[in-house]
Every structure is written in C-alpha cells, then in structure tokens.
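Asks: Structure in structure tokens, see below.
The values are calculated or read from the model by the stated rules, or taken from the named source; none is laboratory data. Owing to the predicted nature of the structure, the values given are computational and were not obtained by experimental measurement. Cβ coordinates were reconstructed from backbone atoms using ideal geometry, including for glycine residues, and neighbour counts include every protein chain displayed. Only protein heavy atoms, including side chains, enter the accessible area calculation; ligands, DNA and RNA are left aside. Shrake-Rupley method; radii C 1.70, N 1.55, O 1.52, S 1.80 Å.
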Amino acid sequence: MKSFSRWIKRIFIGLLALLVIYQLWLFAHVLWWNSNNPGTTRFMEIRLAELREKKPGAELKQQWVTYEHISPQLKRAIISAEDGTFVDHEGFDWDGMQKAIEKNQKKGRIVAGGSTISQQLAKNLFLSPAKTPWRKAEEAAITLMLESLWSKRRILEVYLNVIEWGEGVFGAEAAARHYYGVSAAQLSAEQAARLAGMVPNPRFYDRNRNTPGLAKKTAIILGRMPAAELP
C-alpha cells in the first residue's frame with residue numbers, strides 16, 4: 001500500500017512538473033513575440049494540415065505587415081465588431097461574457113462568445129478550436145500573459161496579422177488582397193467593415209460572399225466604427 005501511495009505521489013509530482021514546464025514554454029514564447037513576429041500559429045498549423053489532406057501541396061496565404069501599414073478603418077472595424085472595450089479592459093470583458101451567456105440561454109444554443117481580442121489571440125497562437133474546460137483555462141492563462149507583457153497596440157497588431165479570414169487566408173494583408181485586390185493599408189471603411197463581419201465564420205463567408213446576413217453585419221459595424229477607440 002505504501003508503495004502504491006508513493007507511486008501516486010510521484011505521478012502527481014511528475015504531472016505538476018510537466019504543467020509548470022508547459023507554462024514556462026508558453027511564457028517564453030509570449031515574451032519573445034513581444035518584439036519578434038510569430039512565423040506561424042497553432043490555428044495556422046491545424047488549417048494547413050486540413051488543406052493538405054485534400055491537396056498535398058497546399059500553402060497558406062499570409063504576409064506580415066506592421067501596425068502602421070494596416071488601415072485605421074480595419075482597426076476600428078475589428079474593435080467595433082469583436083471587442084468594443086478593447087483599450088479599457090485587462091483581457092476579459094465580464095459584462096460582455098454575461099450578455100453572451102444570457103443571449104445563448106435565450107436562443108437555446110451558442111450564438112455569442114463574449115471573448116475579447118486578447119482571448120481570441122491567445123487561442124489562435126497556441127490552442128485548438130476545441131471547446132473544453134482545459135482549453136478555456138489555458139486561454140485565460142495565456143490572455144493574462146499577453147496583457148501583462150504586451151501593449152494593446154502589439155496585441156492588435158499581432159491579432160490582425162494572424163487571424164483566419166478565409167480558406168487558407170490569414171492576416172489583414174492576405175485578406176485585403178484576396179477579397180479586394182488592395183493592400184491592408186488601402187482598405188476603405190466599407191471594405192474594412194465587411195472583413196470584420198467575416199471574422200466569426202471566415203471560411204463560410206469566403207464561399208458565400210453575398211449572403212444577406214453579412215451585408216447586415218457590415219452596416220451595423222460601419223455605424224459603430226466612428227466611436228471605436230484605437231490603441
């Protein structure tokens with residue numbers, strides 16, 4: 001019995017050590033990416049693997065551009081659509097989460113997430129799309145790291161460069177060229193609002209660009225953009 005108890009303790013200590021090492025690994029990456037751009041993300045790796053199952057030679061479309069070379073209209077559109085209190089919160093929008101819960105309960109299904117830009121970036125950089133308690137806990141831990149080590153400007157810059165915007169399309173520059181044939185710096189207010197409306201379901205909207213729902217979302221985002229505060 002003592003031997004069994006000893007083994008249980010060793011396994012527990014081993015698992016705890018692995019958890020600490022993993023958290024340190026995450027912290028090191030977040031610290032490094034504060035001044036160095038990530039070459040890829042977990043989401044990009046997942047999507048590329050899916051694409052290559054159908055087409056072995058498939059590649060993602062993604063080109064990094066600096067914060068200054070992304071249209072202010074797109075920044076306003078994304079904040080308006082995804083996280084209206086982005087510059088004020090410390091990673092979590094508690095009011096937004098509560099409203100999302102109430103909306104989901106009313107609809108009887110998940111129709112709103114309540115995640116901030118910081119939370120979405122944490123998920124995109126390191127995690128899978130799976131909705132599990134463990135993933136949500138990791139997302140929260142990484143979000144705290146991002147908010148502690150990065151400026152809001154850096155969070156928004158990286159977010160705009162790595163989020164999915166279509167079938168194999170990642171980042172603002174690739175999205176602007178894919179949909180409009182212009183650079184991210186040249187996007188108009190309406191183009192930016194339309195791109196922001198695609199973010200929750202980019203691959204669907206890539207295939208269904210003229211759906212009435214997207215036009216409605218675009219109009220709503222356009223109306224909110226003048227009030228959006230940029231970092």
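Asks: Which parts of the range 120-161 would a label at residue 15 reach, counting a residue when its backbone N lies under 17 Å from a point 7 Å out along Cα-to-Cβ?
Replies: 133-135, 137-138
Asks: Translational D (Stokes-Einstein, µm²/s) of the chain at 10 °C and 1.306 mPa s when Rh comes from the Kirkwood sum over C-alpha pairs?
Replies: 84
Asks: Okay, moving on. Using a 1.4 Å probe, how large is the accessible area of residue 88, given in Å² and rounded to the nearest 10?
Replies: We get 110 Å² for residue 88.
Asks: Another question, if that's okay. Could you tell me whether the range 49-99 comes out rounded, prolate or oblate from its Cα gyration tensor? Rule is a ≥ b ≥ c as square roots of the eigenvalues, rounded for a/c under 1.5, then prolate if a/b exceeds b/c, otherwise oblate.
Replies: oblate
Asks: Could you work out the relative contact order of the range 137-202, using alpha carbon pairs under 8 angstrom and six or more residues apart, expressed as a whole percent? Please list the in-between numbers first.
Replies: Values: 43 pairs, mean separation 14.7, N = 66.
Relative contact order of the range 137-202: 22 percent.
Asks: Let me cross-check residue 89: its accessible surface, 1.4 Å probe, with only protein heavy atoms counted, in Å² to the nearest 10?
Replies: Number for this one is 20 Å².
Asks: Next question. Non-local amide H neighbours of residue 165 (under 5 Å, H modeled in plane, Pro and chain starts lacking H): which ones?
Replies: Amide H neighbours of residue 165: 170, 171.
Asks: Here is a follow-up. Which order do 148, 80, 3 take by accessible area at a 1.4 Å probe, largest first?
Replies: Highest to lowest solvent-accessible surface, that is 148, 3, 80.
Asks: Now for a separate question. If R0 is 41 Å, what FRET efficiency do you get for residue 94 and residue 183 from their C-beta distance, rounded to 0.05?
Replies: The calculated FRET efficiency here is 0.65.
Asks: Right, next: Residue 211 to residue 53: extension gain in nm, 0.36 nm per residue of separation minus the Cα-Cα distance?
Replies: Numbers: separation 158, 0.36 × 158 = 56.88 nm, distance 2.83 nm.
Value of the extension gain: 54.1 nm.
Asks: Under the definition of Cα pairs under 8 Å and six or more residues apart, what whole-number percent is the relative contact order of the range 120-231? Don't skip to the end; give the middle numbers.
Replies: Working: 90 pairs, mean separation 21.5, N = 112.
Once normalised by length, the contact order is 19 percent.
Asks: At residue 64 and residue 36, where each label point lies 7 Å from the Cα along Cα→Cβ, what is the point-to-point distance in nanometres?
Replies: In this crude label model, residue 64 to residue 36 measures out at 1.0 nm.
Asks: Going through the cross-link list 131/216; 55/131; 75/216, which pairs have a Cα-Cα distance over 23 Å in this structure?
Replies: Those over the limit are 131/216; 55/131.
Asks: Leaving out ligands, DNA and RNA, and with a 1.4 Å probe, what % of the accessible surface on the range 45-99 is carbon or sulfur?
Replies: For the range 45-99, the apolar C and S fraction of the accessible surface comes to 49 percent.
Asks: If each residue of separation counts as 0.36 nm, what is the full-extension length gain between residue 87 and residue 227 once their alpha-carbon separation is subtracted?
Replies: Contour length minus Cα-Cα distance gives 49.2 nm.
Asks: Further, regarding this structure: Relative to the present Cα-Cα distance, how much length would full extension add between residue 220 and residue 203 at 0.36 nm per residue of separation?
Replies: Contour length minus Cα-Cα distance gives 4.0 nm.
Asks: With the other protein chains left in place, how much accessible area per residue, in square angstrom, belongs to the chain at a 1.4 angstrom probe?
Replies: Per-residue accessible area for the chain comes out at 56 Å².
Asks: In sequence order, what are the phi-derived ³J(HN,Hα) couplings for the range 43-58 according to the Karplus relation 6.51 cos²θ - 1.76 cosθ + 1.60 with θ = phi - 60°, rounded to whole Hz, with x for glycine and proline?
Replies: 4, 4, 4, 5, 5, 5, 4, 5, 5, 6, 5, 8, 9, x, x, 4
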